[in-house]
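The values are calculated or read from the model by the stated rules, or taken from the named source; none is laboratory data. Just so it is clear, the structure is predicted and the values come from calculations on it, not from any experiment. Cβ sites come from the backbone with ideal geometry, for glycine too, and all protein chains shown count toward neighbours. Surface accessibility is based on the protein's heavy atoms, side chains included, excluding ligands, DNA and RNA. Shrake-Rupley method; radii C 1.70, N 1.55, O 1.52, S 1.80 Å.
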Amino acid sequence: MVRMSVLADCLKTITNAEKRGKRQVLIRPSSKVIVKFLQCMQQHGYIGEFEIVDDHRAQKIVIELNGRLNKCGVISPRFDVQVHDIEKWIVNLLPSRQFGQIILSTTYGIMTHEEARRKKTGGKVLGFFY
């Protein structure tokens, strides 16, 4: 079977492992976008440490789960979002204003919606987690 989106597979695997109550999950293959997405999740405390295992192919990632993640998903297609439209996406995707993040791919790199607002930049929506 052909893999359409590596990021979608990764986030679905993490969500399923979290629902099953696992402590660790193995993600393969790896990509730069996945690593940046995971770094954002780690900064906000939704996952623990993760390490990249080099197998001389497409690499694997082992992620420590801490049980704080309720749901994470990818938005496909990657819609363009302007700064003043971020609020509409927050209302549509996240359960409340207090928690959860939307990940955007901007010209300044991959960041959460809060950082994008601070830098007054829009971008493309990659996904969300809460």
Please list, ordered by first then second residue, the pairs with beta carbon atoms under 6 Å, 6 or more apart or interchain, first in the stretch 1-12 and within 11 Å of VAL33 (Cβ to Cβ) and hydrophobic (A, V, I, L, M, F, W, C), second open to solvent by 40 Å² or more (accessible area, probe 1.4 Å) and in a helix (DSSP H, G or I).
-> LEU7/VAL33
Is it the case that GLY73 is touching a residue at least 24 places away in the same chain (Cβ under 8 Å) and either of a type in the set (Asp, Glu) or at positive phi (or both)?
-> no
Restricting the stretch 25-56 to residues that are part of a strand (DSSP E or B), free of Cβ contacts under 8 Å to residues at least 40 places away in the same chain and surrounded by 17 or more Cβ atoms within 10 Å (Cβ to Cβ), the one nearest to the chain's Cα centre (by Cα) turns out to be ILE47
Could you tell me which residue of the stretch 1-24 is most open to solvent (accessible area, probe 1.4 Å), considering only residues that are closer than 16 Å to ASN66 by Cα and touching an Asp or Glu at 6+ places or on another chain (Cβ under 8 Å)?
-> ARG23
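Residue-wise test of (1) over 24 Å from GLY100 (Cβ atoms); (2) of a type in the set (S, T, N, Q); (3) out of contact with any Leu (no Cβ under 7 Å at 6 or more places or on another chain).
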residue: THR15; (1), (2), (3): no, yes, yes
residue: ARG23; (1), (2), (3): no, no, no
residue: SER30; (1), (2), (3): yes, yes, yes
residue: GLN43; (1), (2), (3): no, yes, yes
residue: ILE52; (1), (2), (3): yes, no, yes
residue: VAL62; (1), (2), (3): yes, no, no
